[in-house]
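Take a look at the following structure, please.
The values are calculated or read from the model by the stated rules, or taken from the named source; none is laboratory data. Because the structure is predicted, anything quoted here is derived from the model rather than measured. Methodologically, a virtual Cβ is constructed for each residue, glycine included, from the backbone with ideal geometry; neighbour enumeration extends over all protein chains shown.
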Amino acid sequence: MPPLSFPDGSAETSDGDRSVSKTRSDALSKILDVPAFDLPATSPPRRRIPRQRLSFAGQLWTFLGVTVPLGGLVAAIVLLWGWGFSWVDLGLLLGMYVVTMLGITVGFHRLFVHRSFETSVPVKVALTAAGSMAVQGTMLQWVGLHRWHHQHSDCEEDVHSPHHGGDGLLGFLGGFWHAHVGWAFLADPPGLERYTQDLRKSPSLRAASALFHFWAVLGLLIPALLGGLISGSWAGAATGLVWGGLVRILLVHHLTWSINSVCHLWGRQPYRSNDESRNNFIFGVLAMGEGWHNTHHVFPTSARHGLRWWELDASYWVIRSLSAVGLTWNLKLPSAEAQEKERQ
Ligand SMILES: [Zn+2]
Ligand SMILES: [Zn+2]
C-alpha cells in the first residue's frame, strides 16, 4: 500500500502502536490501512477550519439537486391522487433505490473510502456509475469528504458534525441542518484532493468519476425508459421518471444524509469510538446497513457494519454474495478479540 501524505503535515510512524489508537488522526490510518500515526507535538491548537460558501453557480446547482427531487415527490402525490397506484412505478422505485443505494454503500463507502474488500476494475466502474446515479457529487469528492470526516469525526474540523451549531434549541437545529444538508453548500476543505491520491492513480476510476453528470442523467432516463416500455405509454415513462428517478433520489439523499446527522445524535454506542457516532436500528435497516455507524467508526475497514446477527446489513450480504461468485475477495472483518477489546 503506498504511503499517503496529509494536508495537516502529520507524519506516519511505523510502529503501528495501538496505544495511540484513540487519537482522531488514527481514524484515517485505520481507513486507509496504513500504520498508525500521531499528530505532531507542535501542531497548532484545533480550530474550526474556515470554509467558504460555494460560488453562486455551485450553490444554485446544489439547491436544485436538493429541491428538484422534493418537487418530484409533490408530483408523485398529485399523480397518485389523479391516476392511482402502479406496481410498475413501485418496482422502479425499489429497484432503482437498491441499485443506487448499493452504489453508495458498497461502492463509494466500503470499497473506495475504506478498502474493506477488493474487486476488479469493471466492478469498480459499475459501482462508480451506480453511486453517481444517487446524485451526491463525484465519487472522488465523496470519498475525500468522507475520509476527512473520519479523520476529524465530531471535532471542529469535521465537514458535517451536528455538534457545533451552538447552544440552545436553535443551536441544536442549526447543527442538525448543517450535518444533514447545509454542509453541501460549503466549498470543499482545502487540499481535499490529496485524500484521494490513491484512487486518482487509476485512469479508469478518474474517468468514471468525471462522468458524474452522464451517470446522473442516465439514472433518470433508465426508469423513464423502463416505465414507458413496460406500460407501452408516454404516461408510463413520465411516472417512471417521477418514481424511479426523482422520488428515489429524494429517498437515497435523505437516508444517506441521516447517517451524518441522525447517526451522530441518536442511538447506542456499544463500542468506544471517542466520537458521537451511534448505532441506529432504523437507519441500519433503511440505509442498507450504514446505520450501524458507531461500529463502523470503530472498525472502519470492516466490510460488515452490522456485526451482531440482528444488526441487519444488506450491503454486507451483497458483498458476501458477490464474493461467493468470485466478483469480490479479501473481505476485511474485525476478529472476535478486537470486537471484545473495543466494547464498552
Ligand atoms: Zn460518521
Ligand atoms: Zn466511513
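Checking the structure you have, find out if any residue of region 238-255 is within 16 Å of ligand 1 (Cβ to nearest atom), in contact (Cβ under 8 Å) with a residue 60 or more places away in the chain, touching a Pro at 6+ places or on another chain (Cβ under 7 Å) and of a type in the set (A, V, I, L, M).
The answer is no; no qualifying residue exists.
Any chance region 103-112 includes a residue that's touching a residue at least 60 places away in the same chain (Cβ under 8 Å), within 24 Å of Ala314 (Cα to Cα), out of contact with any Cys (no Cβ under 7 Å at 6 or more places or on another chain) and aromatic (Phe, Trp, Tyr)? Talk me through it step by step, then tell me what you get.
So the first thing to find is which residues in region 103-112 are touching a residue at least 60 places away in the same chain (Cβ under 8 Å), and the list is 104-106, 109-110, 112.
Next, only the ones that are within 24 Å of Ala314 (Cα to Cα) stay: 104-106, 109-110, 112.
Now restrict to residues that are out of contact with any Cys (no Cβ under 7 Å at 6 or more places or on another chain): 104-106, 109-110, 112.
Filter once more, keeping what is aromatic (Phe, Trp, Tyr): 112.
Yes, region 103-112 contains at least one residue that is touching a residue at least 60 places away in the same chain (Cβ under 8 Å), within 24 Å of Ala314 (Cα to Cα), out of contact with any Cys (no Cβ under 7 Å at 6 or more places or on another chain) and aromatic (Phe, Trp, Tyr).
Let me ask something else about it. Give me the pairs, please: first residue somewhere in region 288-299 and under 17 Å from Trp310 (Cβ atoms) and touching a residue at least 24 places away in the same chain (Cβ under 8 Å), second residue anywhere and within 11 Å of ligand 1 (Cβ to nearest atom) and outside any helix (DSSP H, G or I), beta-carbon distance under 7 Å, and either six or more positions apart or on two chains.
Once the first residue is under 17 Å from Trp310 (Cβ atoms) and touching a residue at least 24 places away in the same chain (Cβ under 8 Å) and sits in region 288-299, its partners that are within 11 Å of ligand 1 (Cβ to nearest atom) and outside any helix (DSSP H, G or I) give His293/Ser277; His293/Arg278; Asn294/Ser273; Asn294/Ser277; Asn294/Arg278.
Kindly provide the set of residues from region 140-176 that are surrounded by 16 or more Cβ atoms within 10 Å (Cβ to Cβ), in a helix (DSSP H, G or I), among the small types (Gly, Ala, Ser) and free of Cβ contacts under 8 Å to residues at least 40 places away in the same chain, ordered by number.
Gly174, Gly175
Further question on the same structure: Which condition number does Leu333 fail, the rest of (1) among the hydrophobic types (A, V, I, L, M, F, W, C); (2) more than 16 Å from ligand 2 (Cβ to nearest atom); (3) part of a loop (DSSP other than H, G, I, E, B) being met?
So the condition that Leu333 fails would be (2).
Just give me the residues in region 307-318 being in a loop (DSSP other than H, G, I, E, B) and surrounded by fewer than 24 Cβ atoms within 10 Å (Cβ to Cβ), in sequence order.
Residues of region 307-318 that are in a loop (DSSP other than H, G, I, E, B), as a first pass: 307-313.
Of everything in region 307-318, those that are in a loop (DSSP other than H, G, I, E, B) and surrounded by fewer than 24 Cβ atoms within 10 Å (Cβ to Cβ) turn out to be Leu307, Arg308, Trp309, Trp310, Glu311, Leu312.
Check whether at least one residue in region 86-94 is assigned to a helix (DSSP H, G or I), in contact with a His (Cβ under 9 Å, 6 or more places away or on another chain), modelled with pLDDT of 95 or more and crowded, with 24+ Cβ neighbours inside 10 Å, and report yes or no. Please lay out each step first, then the result.
Here is the first cut: in region 86-94, the residues assigned to a helix (DSSP H, G or I) are 87-94.
Within this subset, residues satisfying the condition of being in contact with a His (Cβ under 9 Å, 6 or more places away or on another chain) are none.
Looking through region 86-94, none of the residues is assigned to a helix (DSSP H, G or I), in contact with a His (Cβ under 9 Å, 6 or more places away or on another chain), modelled with pLDDT of 95 or more and crowded, with 24+ Cβ neighbours inside 10 Å.
Given the conditions (1) in a helix (DSSP H, G or I); (2) within 15 Å of ligand 2 (Cβ to nearest atom); (3) among the hydrophobic types (A, V, I, L, M, F, W, C), which single one is not true for Met288?
Going through (1) in a helix (DSSP H, G or I); (2) within 15 Å of ligand 2 (Cβ to nearest atom); (3) among the hydrophobic types (A, V, I, L, M, F, W, C) one by one, Met288 breaks only (1).
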